[in-house]
Structures are given as structure tokens and as C-alpha cells.
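Just below is one structure, and these are the notes that go with it.
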Amino acid sequence: MTDCARQRDYREVGSLTSQIVVDFELRDPGALADLLSRRFSPVKILPIDDAPLSAASGTYGAHAGIDFSRTRYTGDFALLPQRSYDGVFFYFPVHGHVLVDQGREQFLGTVAKAVAAEGLECRSMTFSGNFAKRGVAISRLLLAERLSVLLGRPIIEKPIFEPVVNAGTLGLQAVQALVEFSTGAEFGPALNAGALAADRFHEMLLDMVLDTWPHSYSKALQKPPPSIAPRHVKLVLDYIAEHPNASASGAELAAISGVSLRSLQAGFRRFAGVSIVTHQRRVRLERAHNDLLRNPTIPIEDVALKWGFTNAGRFSRYFRDAYGVSPFAVARRGAQR
């Protein structure tokens, strides 16, 4: 493949043509900035000590909220986001190192240490030592949605990933192997031709990252299913599921279950894992999320009121914490289906 052809393909990934894996070889840092600006957010690329970025090459792929790549740079440079990207970058260096500046803290990624960079907090990334990496970038919306599926409930707080981890653990070695395979000479053409199911690969890579990279929901994912809830807890769980927009108090729910409020609260935390109020909110948020996807023309304020959220601003904050995006973004996504 000629340099011109490779540059054209590289830009095709940046313009989100479809589920695509392409090889690239560039000698123009402007093309790299263009790709990253198209895929994530506007960026600037600045050389370190006036040394120009002389080459960038590798293989890049993107599908449905996940980007995966095997990339090598010649030259040292800093990448400065001009606007935040609501997602997480997972970098596995194989040569050189990357310094991630997130304002209050800085994290150094090396061959031995992989890093997770928060797109909303990242002020700069500095790549040096002829940096080479395997990388995965995942949108916050996708992370929240998949965690909700795996846990069987909406997540109330966004997942926080450990910024620096040991890249040599078996789980993370498996993630790197999957990225290496996905950017290899056989997988890319098969994926582009539809011979391999892109959705299946996409789900596998997402689940592997969530399973192996430590984060604030790791324990919940690894926790064995709870034993069967006692009758009084099950009665309340069923009542909340059947009356999600009801504003029943803890005392009222205790009366329905036939036990004291204290016993109900203790049983709920043990078998549901959260407080009664938190579970009620999760259920209402889940119903609101489904409404926004299925009926995107309904005003968001009406959806909030329907499910018991009288304050639109508070509803939006709860919703963003649970799903990683605003109610408006989910409604817009529903309208595009």
C-alpha cells in the first residue's frame, strides 16, 4: 500500500465510515491531529524541544464506541486536547513512555505500567522515547450501558478506573493479545469483509477491559449472586418494580412487608446491596432511560415527572451519573435508531 493510499484509509477511520480496520503510515503530524480530532475531540500536537514528529504508523480500528489500535511514533510530542472527550483511554506501552496530566495528578505509563486516561480530565499527554503502544478507547456511554447490563441495574455513579496498573497481569495480557490480534493481518480484512462478527468482537473487548482493569465496580462484577432474598425483601422489590413512580416511604414499605423498618433496611442492604432509596431511584432511572430511547419526541421534563423526578436539574444529574451521558443524548440516540 502506498503512502497516499494509507493516508486516505487513515482518514476514513477518522470520518467514521463503518466498522473498519486500516493500516496507516504518515509523515504529517497534521493528519494524526485530524484523525484524533474527528474521533474524539479537537487536539493540538506540539513537538518536544522543537523536534518534529517525523512518522506515525500502525493499524487502527473503530466500531460502535470502541477504538483499538497498534501505533508507533518516531519523535517526541505533546498532545493537547482543545475540548474534552467523554471516554477513557487505555494505553499499553510497548516502547517509550507516556505522561498523562489530569490537572491534580500526573500518571506515567511504561512498558510495565499501563495507564487509563480520563478524557474529561485530561489536560495533556506527552509521548516520548519513540513511543509505541497498544490502545483501547471506550466512550463513557458505552461503559455505563454495559455495566448496567452486566450488573442487572442502572449504575448510579460513574465507574472510576485505576489510573496506573501492572500491565503484566494475566487479564491485561489477554486484553493486549486481543488488541494485537484485532490489528493483525488476518483479522482486519476478515472484519472489514464481514467474515467476523464485529458486534461479537466489540462486546468481547469491552467485557475484557471491564473484567480485568480495576475500577470502582470491579467488586460488584465479581461478587457471587446473593442468596434468595427473604419474603419481606422480595415483597418490597416486587412492589417497587410494579409501582416504580410511587413515592412510598420506608415506613410504608415496611408496613407492606410486615416487618419493622429497621429489619427491612437491614435485609435490603444485605440482599439488594443498596439502600431502599437508592434501589427506588435505580428503577425509576431505568424506566426513564427506556422511555427516552423508545419515545425520543417526548419532552425530557415530562419523562422526569412521569417517573417521580420533580426537579429536572437533579434528574439530569442522577441520569448522567447512572449512564454517563445526559438524558438529551439518549433521546437523540433513540431518534437516530
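Values in this text are rule-based calculations from the coordinates and carry no lab data. Treat the numbers as computed from the prediction; the structure is a model and nothing was measured. Don't worry about glycine lacking a Cβ; one is built from the backbone with ideal geometry, like all the others, and counts go over all protein chains shown.
Could you give me the ³J(HN,Hα) list for the range 206-222, computed from phi with Karplus coefficients 6.51, -1.76, 1.60 and θ = phi - 60°, whole Hz, x at Gly and Pro?
Karplus values, whole Hz, x for Gly and Pro: 4, 5, 5, 5, 5, 6, 10, 8, x, 8, 5, 10, 4, 5, 5, 5, 8.
Could I get the Rg over Rh figure for the range 231-335? Both from C-alpha atoms, Rh via Kirkwood, rounded to two places. All intermediate terms of the calculation are to be shown ahead of the outcome.
Working: Rg = 15.0 Å, Rh = 14.4 Å.
My calculation of the ratio gives 1.04.
Counting other beta carbons within 10 Å of each residue's own, what order do Ser84, Ser148 fall into, fewest first?
Details: Ser84 14, Ser148 19.
Ascending number of Cβ neighbours within 10 Å: Ser84, Ser148.
If Lys and Arg each add +1 and Asp and Glu each add -1, what is the summed charge of the other residues whose beta carbon sits under 13 Å from the beta carbon of Gly258? Kindly include the intermediate steps, with their values, before the conclusion.
On the way: positive: Arg231, Lys234; negative: Glu252.
Taking every other residue near Gly258 into account, the sum is +1.
By the scheme Lys and Arg +1, Asp and Glu -1, what is the net charge of all other residues having a beta-carbon under 15 Å from that of Ile160?
Values: positive: Arg104, Arg140, Lys158, Lys219, Arg320; negative: Asp86, Glu105, Glu118, Glu121, Glu157, Glu162, Asp321.
Charge balance near Ile160 sits at -2.
Computed from these coordinates, which is volume of the Cα convex hull per residue in Å³: (i) 140; (ii) 150; (iii) 160?
The listed entry that was calculated here is (ii).
With a 10 Å cut-off between alpha carbons and a GNM built on the chain, which of Gln173, Gln222, Gln106 moves the most?
Taking springs between Cα atoms under 10 Å, the residue moving most is Gln222.
Let me check I've understood the local charge: for Arg134, count other residues with C-beta under 10 angstrom from its C-beta, Lys and Arg +1, Asp and Glu -1. What total comes out? Present the calculation step by step, with values, prior to reporting the outcome.
Numbers: positive: Arg70, Lys133; negative: Glu180.
Taking every Cβ under 10 Å from that of Arg134, the sum is +1.
In Å, what is the Rg of the alpha-carbon atoms in the range 125-214, and how long is Dmax?
Answer for the range 125-214, Rg first and Dmax second: 14.9, 44 Å.
Given points 7 Å out from each Cα along the Cα-Cβ axis, report the Leu261 to Ile48 separation in nanometres with one decimal.
Between Leu261 and Ile48, the label points sit 6.0 nm apart.
So if we plug the beta-carbon distance of Ala220 and Asp302 into 1/(1 + (r/R0)^6) with R0 = 30 Å, what FRET efficiency do we get, rounded to 0.05? Could you put the intermediate results ahead of the total?
Numbers: r = 32 Å, r/R0 = 1.08.
The pair Ala220/Asp302 has a calculated efficiency of 0.40.
For a quick check: with amide H placed at 1.01 Å from N, whose amide H comes under 5 Å from Asp76's, ignoring anything fewer than 5 positions away on the same chain?
Ile48
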